[in-house]
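Just so you know, all these numbers are worked out from the coordinates, no wet-lab data involved. As the structure is a prediction and not an experimental result, all values here were calculated from the model. Cβ: placed from backbone, ideal geometry, glycine included. Neighbour counts: every protein chain shown.
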Amino acid sequence: MANEYWKADEPAEIAQEYLGMHPDLVGANIAFMFKTKATKRDGQPVVGKAMKVPARYKPLMEETDTGDKGYDFILEFGADAWQELGQDTKAAWVDYCLEQCYGEEKDDGTVAWKLRKPEIVGFPVIFSRHGVGWHPGANKLRTLRLNDEPTVTEPTVREASADTDEQVEQDLSL
């Protein structure tokens, strides 16, 4: 059975709560989509992923809520995996996908929309053997107060790490 795609209202509503924590997305047009079945990576569902829309596809898209043509990003969620999540985890996935997206002002005043890579990618067993001090991204965890309860933090200036303007997909499995 082929995947079917449709507008994802629930993630879009959740995003409204978190967009204020992503000031570098002001002016971005973001589409939220469900697909029937989440892809899997290493046997685990990829609940959500952020994609930058290539400029060549924007003329084919419908007008957005702001009246602009086309979308800058698509946040895609696997409906089968999504329905298994609690509200806090759904919010974390939406926030995670939003964090990957950012805008960078160009010399001419326009904005180049880009994706950033996660700062932490690693194997828990390696961190258990060697700690986090050797890993540039994980080392930042030392300064964070981590807990199992969701928290709301103030927006901070974030570093961008995208190398090109071409379409990039970032996804993470549970």
Self-check item: Residue count for the stretch 19-58, restricted to those that are in contact (Cβ under 8 Å) with a residue 60 or more places away in the chain, in contact with a helix residue (DSSP H, G or I) (Cβ under 7 Å, 6 or more places away or on another chain), farther than 12 Å from residue 73 by Cβ and part of a loop (DSSP other than H, G, I, E, B)
Solution: 1
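When the residues of the stretch 15-49 are filtered to those that are β-branched (Val, Ile, Thr) and surrounded by fewer than 17 Cβ atoms within 10 Å (Cβ to Cβ), which remaining residue is farthest from residue 85 (Cα to Cα)?
26
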